[in-house]
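Reading through the structure tokens given below for one structure.
Read-outs: derived from the displayed coordinates by stated rules, not from any lab. What you see is a predicted model, and the numbers here were worked out from it, not measured in a lab. Every residue, glycine among them, receives a Cβ derived from its backbone with ideal geometry; neighbour counts consider all protein chains shown.
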Amino acid sequence: MIKVVSASPHQTEGLGARIASVLKGREMIALFGDLGAGKTAFTRGICSGLGISDGVCSPTFAIVNAYSGKVPVYHFDMYRIKDSDDLFATGYYDYIGQGVIIIEWSENIESELEPDCIRVRIGKTEKDNERIFEIEGLDDYADFIC
Ligand SMILES: Nc1ncnc2c1ncn2[C@@H]1O[C@H](COP(=O)(O)OP(=O)(O)OP(=O)(O)O)[C@@H](O)[C@H]1O
Ligand SMILES: [Mg+2]
């Protein structure tokens, strides 16, 4: 597991961009963390690292936003997903393997995540702008990512 402390949204985006540079293009990245943790900020960084600059925002109402960068990116927000019928209806299973899949509120679909997915837990601290990232699945790139 890699642990990284971010002191600002800018640093969070930088972390996302560094991670983007080690992706092959078909990974699933499962994000865990409360409202306002920084899941979308982190996703914005991954997207910018993949050459996507247009407004990356939480796809809460759309459920999934598709972006095309160096590789396709499918950005999910599972906040409103309550059961397997809801999940099926998003097309989730069809998107797997088609590009980089980034999932906000992975808590809500934990049993349906790919076993080899990259897991990122984002926690707040007592400092307003500080976030702790715990990243599983990228240990081989720890020196570069940290
Ligand atoms: N170190 C940091 N990293 C990321 N965001 C930070 C940090 N410090 C403060 N913030 C603030 O926290 C908020 C994070 O918002 P963001 O939309 O990324 O959260 P989220 O986890 O996607 O929330 P939601 O569950 O509502 O989608 C922003 O207002 C951002 O400015
Ligand atoms: Mg969000």
*What's the extension gain from K82 to K70 if we count 0.36 nm per residue and subtract their Cα-Cα distance?*
1.1 nm
*Based on other C-beta atoms within 10 Å, arrange F32, F61, F76 from fewest to most.*
F61, F32, F76
*Do any GluC sites (Glu not before Pro) in the range 52-146 lie in a loop, going by DSSP, with at most 12 other beta-carbon atoms within 10 Å of their beta carbon, and if so which?*
E126
*Quick one: helix 9-20 against the long Cα principal axis of the chain, what's the angle to the nearest 10°, folded into 0 to 90?*
70 degrees
*Within-13-Å neighbourhood charge of S84 [Cβ basis; K, R +1; D, E -1]*: -4
*Measuring from label point to label point, each 7 Å out along Cα→Cβ, what is the K127 to S111 span in nm?*
4.0 nm
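Compute, for the chain, the length of the dipole vector about the Cα centre, with Cβ point charges of +1 (Lys, Arg) and -1 (Asp, Glu) only. Units Debye, rounded to 20. Before the final figure, lay out each step's value.
On the way: 14 positive and 23 negative charges, 98 e Å.
Charge dipole of the chain: 480 debye, to the nearest 20.
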*Mind pulling the angle between the C-alpha long axis of helix 39-49 and the longest principal axis of the chain? Nearest 10 degrees, somewhere in 0 to 90.*
80 degrees
*Would you calculate the separation in nanometres between label points at Y141 and K3, each defined as 7 Å from the Cα along the Cα-to-beta-carbon direction?*
2.2 nm
*Going by C-beta contacts inside 10 Å, put E27, E114 in order with the fewest on the left.*
E114, E27
*Work out the count of Lys pairs in the chain where the Cα-Cα distance is under 22 Å, with the pair 8 or more places apart or on different chains.*
10
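Can you give the longest stretch of the chain with no exposed loop site, where a site means trypsin sites (Lys or Arg not before Pro) in a DSSP loop (not H, G, I, E or B) with at most 16 other C-beta atoms within 10 Å?
83-126
What order do you get for L113, L15, L138 when you list them from fewest to most C-beta neighbours inside 10 Å? Mind showing how you got there, number by number?
Numbers: L113 15, L15 26, L138 20.
Listed from fewest to most nearby Cβ atoms, that is L113, L138, L15.
How much of the DSSP bridge set in the chain is antiparallel, in percent, rounded to the nearest 5?
Details: 16 of 28 bridges.
Among the beta bridges of the chain, antiparallel pairing accounts for roughly 55 percent.
Can you compute the FRET efficiency between Q98 and D34 using 1/(1 + (r/R0)^6), with r the Cβ-Cβ distance and R0 = 25 Å? Round to the nearest 0.05. Don't jump to the answer; show the numbers that get you there.
Numbers: r = 29 Å, r/R0 = 1.15.
With a Förster radius of 25 Å, E is 0.30.
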